[in-house]
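The values are calculated or read from the model by the stated rules, or taken from the named source; none is laboratory data. All figures in this text were calculated on a predicted structure; none of them were measured in a lab. Glycine gets a Cβ as well: all are built from the backbone with ideal geometry, and neighbour counts include every protein chain shown.
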């Protein structure tokens, strides 16, 4: 599947296109198919996101998982500071990245 | 230490106001990201893997207590309670909000700090010896000359759009503690046969994807001409440096391609021309700067006695303290490398504590080192035990300077958008694995980069590690034999790479082999240089531990 990601203009936070707006959680991502570039251009122009781009991902039993490790780390947060990640209570969250 | 005059302060304040307006225009939509990006980068604001990252300049690594305290306060007020000290003697914050960035710059300006020229193709923050002004072996304090470079290079109109970024280092000791020859320009203050002080210029060094050791371009430039000579070096580079290929745009490529003789010839020609133009700053300005780096009021006759009865304290003295030029004093390094910790990170509370301790025990002064530690440069030996106790309680008393646990590591793929692999987890595992052998191993500089840009200085590590992306999987190359000192050398790759656990085992095998083979007094680097790569490689890739380059039981 293809999903769309970028950063929030004001906070810089990693965001994911859920089909209608931008979510902090990769699990909310919508499959944008062939429309990613069009959505990215529209959202970028509206200043709702910075530098959006399309990435490959797969629908795993545990949810949507970006194909590349860099995007998985973006989706989680720094693996060495899980307390600052989106899953601070999950001590094994880092394993999801690898 | 240097204090801003009205020109410095006005310049920094004006930049804050400019950036505040630029951020406002970006947020209200009157400026696109394409228009805004170069402006934010000129103020050290990057968009990294998880958020905006602000890189704050620490000129030649020198900080006052008030500045250090502000860095701690910024970590709490605008970030997530910590900062990361970098290999360029700066500090970075990882979780900055765009609309708050101008307020941070204003807070920094209130303590004579900024983030100007911490990004972009300009002359970056000048680095120096972390023991400057304290070292027993220095000819003079190099920082006034680094400060003069700062003033000359700040907003220099001719050098704001160089072919590529440009890094300078200034030292004044025979012992190079600033990796001087791995900079675009390395300046070493020397004394000539006539007893006069001047500068030796090394030009065209650097790490990155094409590591090079800077050749000596000129043995002696009089101190009252060193800005003019620097300008000549930059002008030739700016004229001929490649702008068509960013990977060949650094000055090291130019010097290598046209040869140091031709580069020197052009610099001499330009230098002769510039001498007729009178561009050197007035001597009075240098003297004004030098006066601000005068020695603090050391106590005459201070005792050199140290009570070493506490073994942990004695170990810390032996490992983390160096001789001071003033009897009765010592320069103490605070390691930001606890066992299993994140190299270079310090919490806001730790940052403020170090500020307070500098105020109480080091004449209000601290230094950031390129090895991502903090130095209290002027500690009276009589105060040392009290100081160490305060550090130890706060997790800042680790006794491992220049040892295998004192690992340089870039932020890597945990934070950096350029990285290919994570550096920090590898550093943490190595730190934990090798901690029991650390004292036995002795001096061993271990440096880890998460990509070829080499922010972790892996080329200069006695043991270096480079993280690469192998078909979407982190992989780590091992290098041996690098060194950043007076005998600068570049590490050589051992062979096939390893996965995250495998690289830990490989480094351990290299250190075990060293321990088995070393002769009297040899450091790891000495043994490696004596024996060469082959036996180390055989030990690292021994059949019972590695199969086809991959760890079998690493």
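Here are a few things to note about the model shown:
- Some residue of the range B:331-348 being touching a strand residue (DSSP E or B) at 6+ places or on another chain (Cβ under 6 Å), on the phi < 0 side of the Ramachandran plot and in a loop (DSSP other than H, G, I, E, B): yes
- Output for the range B:54-83, where each listed residue is within 11 Å of chain A (Cβ to nearest Cβ) and either within 26 Å of residue B:26 (Cα to Cα) or crowded, with 24+ Cβ neighbours inside 10 Å (or both): B:54, B:79, B:80
- For the range B:273-298, filtered to residues that are in a loop (DSSP other than H, G, I, E, B) and in contact with a helix residue (DSSP H, G or I) (Cβ under 7 Å, 6 or more places away or on another chain), the residue that is farthest from residue B:363 (Cα to Cα) is B:279.
- Among the residues of the range A:4-21, those identified as more than 14 Å from chain B (Cβ to nearest Cβ) and surrounded by fewer than 24 Cβ atoms within 10 Å (Cβ to Cβ) are A:18, A:19, A:20, A:21.
- Residue in the range B:95-113 that is away from every other protein chain (no Cβ under 14 Å), without any contact (Cβ under 8 Å) to a residue 40 or more places away in the chain and part of a helix (DSSP H, G or I) present: yes
- Taking the range B:375-389 as the range and being part of a helix (DSSP H, G or I), without any contact (Cβ under 8 Å) to a residue 60 or more places away in the chain and in contact with a helix residue (DSSP H, G or I) (Cβ under 6 Å, 6 or more places away or on another chain) as the test, the residues that pass are B:383, B:387.
- Within the range B:349-396, tally of residues that are farther than 23 Å from residue B:92 by Cβ and out of contact with any strand residue (DSSP E or B) (no Cβ under 7 Å at 6 or more places or on another chain): 11
- Residue count for the range A:49-67, restricted to those that are assigned to a loop (DSSP other than H, G, I, E, B) and either away from every other protein chain (no Cβ under 13 Å) or touching a residue at least 40 places away in the same chain (Cβ under 8 Å) (or both): 3
- Breaking point among (1) over 19 Å from the mean Cα position of the chain (by Cα); (2) in contact (Cβ under 8 Å) with a residue 12 or more places away in the chain, for residue B:169: (1)
- Residue B:120 vs. criteria assigned to a loop (DSSP other than H, G, I, E, B), more than 14 Å from chain A (Cβ to nearest Cβ) and within 30 Å of residue A:45 (Cβ to Cβ): yes
- Only one of the listed residues (A:74, A:42) is at pLDDT 95 or above, more than 12 Å from chain B (Cβ to nearest Cβ) and not in a strand (DSSP E or B). That residue is A:42.
- Residues in the range B:8-51 that are within 29 Å of residue A:79 (Cα to Cα) and in contact with a helix residue (DSSP H, G or I) (Cβ under 6 Å, 6 or more places away or on another chain) were compared, and the one that is nearest to the other protein chains (Cβ to nearest Cβ) is B:49.
- As for the range B:63-85, it holds no residue that is touching a residue at least 60 places away in the same chain (Cβ under 8 Å) and more than 22 Å from residue B:356 (Cβ to Cβ).
- Residue check, residue B:228 more than 30 Å from residue B:398 (Cβ to Cβ), exposed (fewer than 12 other Cβ atoms within 10 Å of the Cβ) and either touching a helix residue (DSSP H, G or I) at 6+ places or on another chain (Cβ under 8 Å) or not assigned by TED's automatic domain parsing to the domain that holds residue B:375 (or both): no
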